[in-house]
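For reference, the structure discussed in these notes is given below.
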Amino acid sequence: MLKNFFLVCSGVDKNLINECSNGEQNKYAGIGATVFFTAIMATIAGSYALFTVFDNLFAAIFFGLIWGLLIFNLDRFIVSTIKKSDSKLKELLQAAPRIVLAIIIAVVISKPLELKLFEKEINQVLLTKKNQMTLDNKTQIAQQFTPEISKINSEIEVLKQEVIGKENETNTLYETYIAEAEGTKGTKKLGKGPVYEEKRAKHDASLLALNQLKKETQETIKEKETAIAVLVENQKLAETKSQPIIANFDGLMARINALGELPWLTSFFIFLLFLAIETSPIIAKLLAPKGEYDFKLEEKLSAVKTWATQQMQQREQMLQADIAIDNKVYKDITADDDLYNYKQKMARELMKLQADSFYKKQQKML
(Lines give C-alpha, C1' and ligand atoms only; values in the text may rest on other atoms or scores of the structure.)
Protein backbone atom coordinates (compact mmCIF):
# COMPACT_ATOMS: atom_id res chain seq x y z
CA MET A 1 0.00 0.00 0.00
CA LEU A 2 2.80 2.43 0.91
CA LYS A 3 4.62 1.47 -2.28
CA ASN A 4 1.54 2.23 -4.36
CA PHE A 5 1.18 5.60 -2.63
CA PHE A 6 4.77 6.56 -3.43
CA LEU A 7 4.26 5.43 -7.04
CA VAL A 8 1.33 7.85 -7.23
CA CYS A 9 3.61 10.57 -5.79
CA SER A 10 6.16 9.92 -8.55
CA GLY A 11 3.59 10.68 -11.25
CA VAL A 12 4.08 7.44 -13.21
CA ASP A 13 1.45 5.73 -15.33
CA LYS A 14 -0.04 3.13 -12.98
CA ASN A 15 -1.00 0.72 -15.76
CA LEU A 16 2.49 0.79 -17.26
CA ILE A 17 4.40 0.58 -13.96
CA ASN A 18 2.32 -2.42 -12.86
CA GLU A 19 3.57 -4.28 -15.94
CA CYS A 20 7.21 -3.56 -15.00
CA SER A 21 9.58 -5.50 -12.77
CA ASN A 22 9.74 -5.05 -9.01
CA GLY A 23 13.10 -3.26 -9.24
CA GLU A 24 11.71 -0.70 -11.67
CA GLN A 25 8.75 -0.12 -9.38
CA ASN A 26 11.05 0.36 -6.38
CA LYS A 27 13.06 2.96 -8.32
CA TYR A 28 10.01 5.11 -8.98
CA ALA A 29 8.65 4.49 -5.48
CA GLY A 30 11.90 5.98 -4.15
CA ILE A 31 11.46 9.03 -6.38
CA GLY A 32 7.87 9.39 -5.17
CA ALA A 33 8.98 9.12 -1.53
CA THR A 34 11.44 11.97 -2.11
CA VAL A 35 8.65 14.09 -3.59
CA PHE A 36 6.37 13.30 -0.64
CA PHE A 37 8.88 14.08 2.11
CA THR A 38 9.92 17.27 0.34
CA ALA A 39 6.27 18.35 0.50
CA ILE A 40 6.16 17.44 4.22
CA MET A 41 9.18 19.66 4.89
CA ALA A 42 7.59 22.42 2.82
CA THR A 43 4.43 22.16 4.96
CA ILE A 44 6.43 22.50 8.18
CA ALA A 45 8.47 25.40 6.83
CA GLY A 46 5.42 27.17 5.40
CA SER A 47 3.44 26.75 8.63
CA TYR A 48 6.23 28.29 10.69
CA ALA A 49 6.71 31.15 8.26
CA LEU A 50 2.98 31.91 8.23
CA PHE A 51 2.81 31.60 12.03
CA THR A 52 5.28 34.48 12.28
CA VAL A 53 2.93 36.50 10.04
CA PHE A 54 -0.54 35.62 11.39
CA ASP A 55 0.46 34.62 14.94
CA ASN A 56 -2.39 32.10 14.77
CA LEU A 57 -1.66 28.38 14.99
CA PHE A 58 -4.72 27.11 13.10
CA ALA A 59 -4.38 29.63 10.25
CA ALA A 60 -0.67 28.82 9.98
CA ILE A 61 -1.34 25.06 9.80
CA PHE A 62 -4.11 25.51 7.24
CA PHE A 63 -2.10 27.71 4.89
CA GLY A 64 0.98 25.58 5.53
CA LEU A 65 -0.93 22.53 4.25
CA ILE A 66 -1.98 24.49 1.16
CA TRP A 67 1.66 25.46 0.57
CA GLY A 68 2.79 21.84 1.06
CA LEU A 69 0.23 20.59 -1.46
CA LEU A 70 1.38 23.22 -3.93
CA ILE A 71 5.02 22.12 -3.58
CA PHE A 72 3.96 18.47 -3.85
CA ASN A 73 2.08 19.15 -7.06
CA LEU A 74 5.00 21.12 -8.54
CA ASP A 75 7.56 18.43 -7.67
CA ARG A 76 5.31 15.68 -9.00
CA PHE A 77 4.82 17.64 -12.22
CA ILE A 78 8.57 18.25 -12.58
CA VAL A 79 9.47 14.58 -12.13
CA SER A 80 6.69 13.21 -14.31
CA THR A 81 7.43 15.51 -17.25
CA ILE A 82 11.11 14.58 -17.58
CA LYS A 83 11.26 11.92 -20.30
CA LYS A 84 14.32 9.70 -20.79
CA SER A 85 16.07 9.83 -24.16
CA ASP A 86 19.25 8.52 -25.76
CA SER A 87 20.94 11.95 -25.56
CA LYS A 88 22.07 13.11 -22.11
CA LEU A 89 22.43 16.66 -23.40
CA LYS A 90 18.81 16.63 -24.54
CA GLU A 91 17.74 15.37 -21.13
CA LEU A 92 19.79 18.07 -19.40
CA LEU A 93 18.28 20.81 -21.57
CA GLN A 94 14.85 19.37 -20.89
CA ALA A 95 15.51 19.39 -17.14
CA ALA A 96 17.21 22.85 -16.99
CA PRO A 97 14.01 24.91 -16.44
CA ARG A 98 12.85 22.37 -13.89
CA ILE A 99 16.16 22.59 -12.02
CA VAL A 100 15.81 26.39 -11.88
CA LEU A 101 12.31 25.95 -10.48
CA ALA A 102 13.66 23.42 -7.97
CA ILE A 103 16.29 25.94 -6.81
CA ILE A 104 13.57 28.56 -6.25
CA ILE A 105 11.48 26.05 -4.29
CA ALA A 106 14.54 25.08 -2.21
CA VAL A 107 15.12 28.71 -1.27
CA VAL A 108 11.48 29.17 -0.28
CA ILE A 109 11.46 25.98 1.79
CA SER A 110 14.82 26.45 3.52
CA LYS A 111 14.39 30.06 4.61
CA PRO A 112 11.59 29.52 7.20
CA LEU A 113 13.43 26.53 8.71
CA GLU A 114 16.59 28.62 8.95
CA LEU A 115 14.53 31.17 10.86
CA LYS A 116 13.50 28.46 13.31
CA LEU A 117 16.95 26.87 13.64
CA PHE A 118 18.61 30.23 14.35
CA GLU A 119 15.72 31.61 16.39
CA LYS A 120 17.83 32.38 19.48
CA GLU A 121 20.51 34.18 17.50
CA ILE A 122 17.87 36.09 15.54
CA ASN A 123 16.15 37.10 18.79
CA GLN A 124 19.46 38.46 20.06
CA VAL A 125 19.93 40.53 16.89
CA LEU A 126 16.34 41.77 17.14
CA LEU A 127 16.83 42.65 20.82
CA THR A 128 19.87 44.76 19.95
CA LYS A 129 17.90 46.47 17.20
CA LYS A 130 14.93 47.07 19.50
CA ASN A 131 17.17 48.66 22.14
CA GLN A 132 18.73 50.91 19.53
CA MET A 133 15.30 51.77 18.15
CA THR A 134 14.12 52.61 21.68
CA LEU A 135 17.04 54.99 22.19
CA ASP A 136 16.54 56.55 18.76
CA ASN A 137 12.82 56.87 19.41
CA LYS A 138 13.40 58.63 22.74
CA THR A 139 15.87 60.98 21.06
CA GLN A 140 13.43 61.81 18.28
CA ILE A 141 10.55 62.40 20.71
CA ALA A 142 12.80 64.50 22.93
CA GLN A 143 13.66 66.66 19.93
CA GLN A 144 9.97 67.52 19.69
CA PHE A 145 9.60 68.59 23.35
CA THR A 146 13.09 69.72 24.46
CA PRO A 147 13.06 73.10 22.62
CA GLU A 148 9.81 74.14 24.29
CA ILE A 149 10.97 72.91 27.71
CA SER A 150 14.30 74.73 27.29
CA LYS A 151 12.47 77.89 26.27
CA ILE A 152 10.28 77.81 29.40
CA ASN A 153 13.29 77.06 31.62
CA SER A 154 15.05 80.08 30.09
CA GLU A 155 12.01 82.24 30.88
CA ILE A 156 12.04 80.96 34.49
CA GLU A 157 15.73 81.75 34.77
CA VAL A 158 15.11 85.28 33.48
CA LEU A 159 12.41 85.77 36.11
CA LYS A 160 14.72 84.49 38.87
CA GLN A 161 17.52 86.79 37.71
CA GLU A 162 15.10 89.68 37.75
CA VAL A 163 14.23 88.91 41.38
CA ILE A 164 17.92 88.56 42.27
CA GLY A 165 18.63 91.90 40.62
CA LYS A 166 15.83 93.54 42.60
CA GLU A 167 17.14 91.95 45.81
CA ASN A 168 20.61 93.28 45.14
CA GLU A 169 19.18 96.74 44.48
CA THR A 170 17.18 96.62 47.74
CA ASN A 171 20.21 95.38 49.71
CA THR A 172 22.27 98.23 48.28
CA LEU A 173 19.64 100.75 49.40
CA TYR A 174 19.61 99.13 52.85
CA GLU A 175 23.35 99.42 53.17
CA THR A 176 23.18 103.05 52.00
CA TYR A 177 20.66 104.24 54.61
CA ILE A 178 22.38 102.23 57.37
CA ALA A 179 25.72 103.83 56.45
CA GLU A 180 23.99 107.25 56.47
CA ALA A 181 22.69 106.58 59.97
CA GLU A 182 26.12 105.49 61.18
CA GLY A 183 27.79 108.47 59.50
CA THR A 184 30.25 106.37 57.50
CA LYS A 185 28.98 107.44 54.10
CA GLY A 186 26.79 110.10 52.50
CA THR A 187 26.69 113.22 54.68
CA LYS A 188 28.87 111.43 57.27
CA LYS A 189 26.72 112.82 60.07
CA LEU A 190 25.80 110.42 62.82
CA GLY A 191 22.07 110.09 63.40
CA LYS A 192 18.82 109.90 61.52
CA GLY A 193 18.49 113.14 59.66
CA PRO A 194 16.48 114.17 56.59
CA VAL A 195 18.87 112.41 54.22
CA TYR A 196 18.55 109.23 56.26
CA GLU A 197 14.76 109.42 56.08
CA GLU A 198 14.89 109.94 52.32
CA LYS A 199 17.18 106.96 51.79
CA ARG A 200 15.13 104.88 54.20
CA ALA A 201 11.98 105.69 52.19
CA LYS A 202 13.67 104.59 48.97
CA HIS A 203 14.70 101.32 50.58
CA ASP A 204 11.22 100.64 51.96
CA ALA A 205 9.65 101.35 48.57
CA SER A 206 12.17 99.02 46.90
CA LEU A 207 11.53 96.34 49.53
CA LEU A 208 7.80 96.60 48.97
CA ALA A 209 8.31 96.32 45.18
CA LEU A 210 10.66 93.34 45.78
CA ASN A 211 8.06 91.49 47.84
CA GLN A 212 5.41 92.15 45.19
CA LEU A 213 7.81 91.02 42.46
CA LYS A 214 8.63 87.83 44.37
CA LYS A 215 4.95 87.03 44.76
CA GLU A 216 4.16 87.61 41.09
CA THR A 217 7.30 85.82 39.95
CA GLN A 218 6.57 82.81 42.17
CA GLU A 219 3.09 82.48 40.65
CA THR A 220 4.47 82.82 37.10
CA ILE A 221 7.23 80.29 37.76
CA LYS A 222 4.68 77.87 39.21
CA GLU A 223 2.58 78.14 36.02
CA LYS A 224 5.63 77.61 33.84
CA GLU A 225 6.77 74.61 35.91
CA THR A 226 3.28 73.16 35.50
CA ALA A 227 3.61 73.65 31.73
CA ILE A 228 6.98 71.87 31.83
CA ALA A 229 5.45 69.00 33.81
CA VAL A 230 2.69 68.67 31.19
CA LEU A 231 5.29 68.61 28.39
CA VAL A 232 7.34 65.97 30.23
CA GLU A 233 4.20 63.89 30.77
CA ASN A 234 3.29 64.18 27.08
CA GLN A 235 6.82 63.15 26.17
CA LYS A 236 6.59 60.05 28.37
CA LEU A 237 3.14 59.27 26.94
CA ALA A 238 4.51 59.48 23.38
CA GLU A 239 7.33 57.11 24.33
CA THR A 240 4.84 54.71 25.94
CA LYS A 241 2.58 54.70 22.87
CA SER A 242 5.46 54.00 20.48
CA GLN A 243 7.03 51.28 22.62
CA PRO A 244 4.54 48.51 21.61
CA ILE A 245 5.39 49.17 17.96
CA ILE A 246 9.06 48.64 18.73
CA ALA A 247 8.26 45.60 20.89
CA ASN A 248 6.37 44.03 17.95
CA PHE A 249 9.34 44.48 15.63
CA ASP A 250 9.76 40.73 15.11
CA GLY A 251 7.77 39.99 11.95
CA LEU A 252 8.84 37.84 9.04
CA MET A 253 10.75 40.57 7.18
CA ALA A 254 12.53 41.69 10.36
CA ARG A 255 13.60 38.11 11.08
CA ILE A 256 14.83 37.57 7.53
CA ASN A 257 16.89 40.76 7.73
CA ALA A 258 18.24 39.67 11.11
CA LEU A 259 19.16 36.29 9.63
CA GLY A 260 21.10 38.10 6.93
CA GLU A 261 23.28 39.70 9.61
CA LEU A 262 24.39 36.30 10.93
CA PRO A 263 27.38 34.39 9.47
CA TRP A 264 26.30 33.16 6.05
CA LEU A 265 28.21 29.85 5.87
CA THR A 266 25.88 27.77 8.07
CA SER A 267 22.82 29.20 6.37
CA PHE A 268 24.38 28.43 3.00
CA PHE A 269 24.93 24.77 3.89
CA ILE A 270 21.33 24.44 5.03
CA PHE A 271 20.25 25.88 1.68
CA LEU A 272 22.48 23.31 -0.10
CA LEU A 273 20.84 20.54 1.94
CA PHE A 274 17.36 21.56 0.83
CA LEU A 275 18.57 22.09 -2.70
CA ALA A 276 19.92 18.54 -2.74
CA ILE A 277 16.62 17.23 -1.37
CA GLU A 278 14.54 19.23 -3.85
CA THR A 279 16.63 18.33 -6.92
CA SER A 280 17.30 14.71 -5.93
CA PRO A 281 14.31 13.29 -7.88
CA ILE A 282 15.40 15.20 -10.99
CA ILE A 283 19.07 14.21 -10.57
CA ALA A 284 18.09 10.60 -9.96
CA LYS A 285 16.06 10.54 -13.16
CA LEU A 286 18.86 12.17 -15.13
CA LEU A 287 21.51 9.76 -13.84
CA ALA A 288 19.44 6.59 -14.10
CA PRO A 289 19.68 4.70 -17.41
CA LYS A 290 16.62 3.97 -19.46
CA GLY A 291 14.54 1.38 -17.72
CA GLU A 292 11.68 -0.90 -18.56
CA TYR A 293 9.10 1.74 -17.71
CA ASP A 294 10.79 4.32 -19.97
CA PHE A 295 10.77 1.95 -22.94
CA LYS A 296 7.13 1.05 -22.38
CA LEU A 297 6.17 4.72 -22.00
CA GLU A 298 8.11 5.64 -25.14
CA GLU A 299 6.39 2.83 -27.04
CA LYS A 300 2.97 3.95 -25.85
CA LEU A 301 3.64 7.60 -26.71
CA SER A 302 4.97 6.56 -30.11
CA ALA A 303 1.84 4.50 -30.76
CA VAL A 304 -0.43 7.40 -29.76
CA LYS A 305 1.58 9.80 -31.90
CA THR A 306 1.41 7.45 -34.89
CA TRP A 307 -2.34 6.94 -34.45
CA ALA A 308 -2.94 10.70 -34.13
CA THR A 309 -0.83 11.41 -37.24
CA GLN A 310 -2.72 8.72 -39.16
CA GLN A 311 -6.09 10.14 -38.11
CA MET A 312 -5.05 13.66 -39.16
CA GLN A 313 -3.83 12.44 -42.55
CA GLN A 314 -7.07 10.48 -43.12
CA ARG A 315 -9.19 13.52 -42.25
CA GLU A 316 -7.08 15.64 -44.60
CA GLN A 317 -7.51 13.14 -47.43
CA MET A 318 -11.26 12.94 -46.78
CA LEU A 319 -11.49 16.73 -46.92
CA GLN A 320 -9.58 16.87 -50.22
CA ALA A 321 -11.77 14.13 -51.71
CA ASP A 322 -14.95 15.87 -50.59
CA ILE A 323 -13.77 19.17 -52.13
CA ALA A 324 -12.97 17.42 -55.41
CA ILE A 325 -16.40 15.77 -55.49
CA ASP A 326 -18.20 19.07 -54.74
CA ASN A 327 -16.26 20.85 -57.47
CA LYS A 328 -17.19 18.17 -59.98
CA VAL A 329 -20.89 18.18 -58.94
CA TYR A 330 -21.23 21.99 -59.28
CA LYS A 331 -19.34 21.95 -62.55
CA ASP A 332 -21.83 19.45 -63.98
CA ILE A 333 -24.77 21.54 -62.70
CA THR A 334 -23.52 24.66 -64.51
CA ALA A 335 -23.93 22.84 -67.84
CA ASP A 336 -27.60 21.98 -67.15
CA ASP A 337 -29.90 23.95 -69.58
CA ASP A 338 -33.08 23.40 -67.57
CA LEU A 339 -31.49 24.93 -64.47
CA TYR A 340 -30.22 27.85 -66.55
CA ASN A 341 -33.66 28.53 -68.05
CA TYR A 342 -35.32 28.32 -64.64
CA LYS A 343 -32.92 30.80 -63.02
CA GLN A 344 -33.30 33.13 -66.03
CA LYS A 345 -37.07 33.08 -65.61
CA MET A 346 -36.89 33.82 -61.89
CA ALA A 347 -34.43 36.69 -62.49
CA ARG A 348 -36.79 38.21 -65.10
CA GLU A 349 -39.70 38.05 -62.63
CA LEU A 350 -37.59 39.64 -59.88
CA MET A 351 -36.58 42.54 -62.17
CA LYS A 352 -40.23 43.16 -63.08
CA LEU A 353 -41.23 43.33 -59.41
CA GLN A 354 -38.41 45.78 -58.73
CA ALA A 355 -39.49 48.00 -61.64
CA ASP A 356 -43.15 48.02 -60.48
CA SER A 357 -42.14 48.89 -56.92
CA PHE A 358 -39.95 51.77 -58.13
CA TYR A 359 -42.78 53.12 -60.29
CA LYS A 360 -45.24 53.11 -57.39
CA LYS A 361 -42.79 54.96 -55.11
CA GLN A 362 -42.30 57.66 -57.79
CA GLN A 363 -46.05 58.11 -58.12
CA LYS A 364 -46.47 58.65 -54.36
CA MET A 365 -43.70 61.26 -54.38
CA LEU A 366 -45.43 63.23 -57.21
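If the requirement is being in contact (Cβ under 8 Å) with a residue 12 or more places away in the chain and aliphatic (A, V, I, L, M), which of these qualifies: Ile323, Ile283, Ile277?
None of the others qualify; the one that does is Ile277.
For Thr334, work out the one condition from (1) in contact with a Phe, Trp or Tyr (Cβ under 9 Å, 6 or more places away or on another chain); (2) β-branched (Val, Ile, Thr); (3) surrounded by 10 or more Cβ atoms within 10 Å (Cβ to Cβ) it doesn't fulfil.
(3)
Checking Met346 against (1) over 30 Å from Met133 (Cα atoms); (2) in contact (Cβ under 8 Å) with a residue 60 or more places away in the chain; (3) not assigned by TED's automatic domain parsing to the domain that holds Lys27, only one condition comes out false. Which one?
Result: Met346 fails condition (2) only.
Are any residues in segment 229-263 over 19 Å from the mean Cα position of the chain (by Cα), farther than 17 Å from Leu127 by Cβ and not polar (S, T, N, Q), and if so, which ones?
Ala229, Val230, Leu231, Val232, Glu233, Lys236, Leu237, Ala238, Glu239, Lys241, Pro263, listed by residue number.
If you take the residues in segment 121-140 that are hydrophobic (A, V, I, L, M, F, W, C) and within 14 Å of Gln243 (Cα to Cα), which one is surrounded by the fewest Cβ atoms within 10 Å (Cβ to Cβ)?
The selected residue is Leu135.
Need the failing condition index for Gln212 against (1) assigned to a helix (DSSP H, G or I); (2) in contact with a helix residue (DSSP H, G or I) (Cβ under 8 Å, 6 or more places away or on another chain); (3) at pLDDT 80 or above, just the number.
The failed condition is (2).
Say whether the condition of being exposed (fewer than 11 other Cβ atoms within 10 Å of the Cβ), on the phi < 0 side of the Ramachandran plot, assigned to a helix (DSSP H, G or I) and of a type outside the set (A, V, I, L, M, F, W, C) is met by at least one residue in segment 275-297.
No: segment 275-297 contains no residue that is exposed (fewer than 11 other Cβ atoms within 10 Å of the Cβ), on the phi < 0 side of the Ramachandran plot, assigned to a helix (DSSP H, G or I) and of a type outside the set (A, V, I, L, M, F, W, C).
Can you tell me how many residues in segment 141-150 are surrounded by 12 or more Cβ atoms within 10 Å (Cβ to Cβ) and either of a type outside the set (Val, Ile, Thr) or in contact with a Pro (Cβ under 8 Å, 6 or more places away or on another chain) (or both)?
Kept after step one, since they are surrounded by 12 or more Cβ atoms within 10 Å (Cβ to Cβ), are these residues of segment 141-150: 141-142, 144-146, 148-149.
Still in the running and either of a type outside the set (Val, Ile, Thr) or in contact with a Pro (Cβ under 8 Å, 6 or more places away or on another chain) (or both): 142, 144-145, 148.
Matching residues across segment 141-150 total 4.
The values are calculated or read from the model by the stated rules, or taken from the named source; none is laboratory data. Predicted, not measured: the structure shown is a model, and the values here were computed from it. Ideal geometry is used to build each Cβ from the backbone, glycine not excepted, and the neighbour counts take in all protein chains shown.
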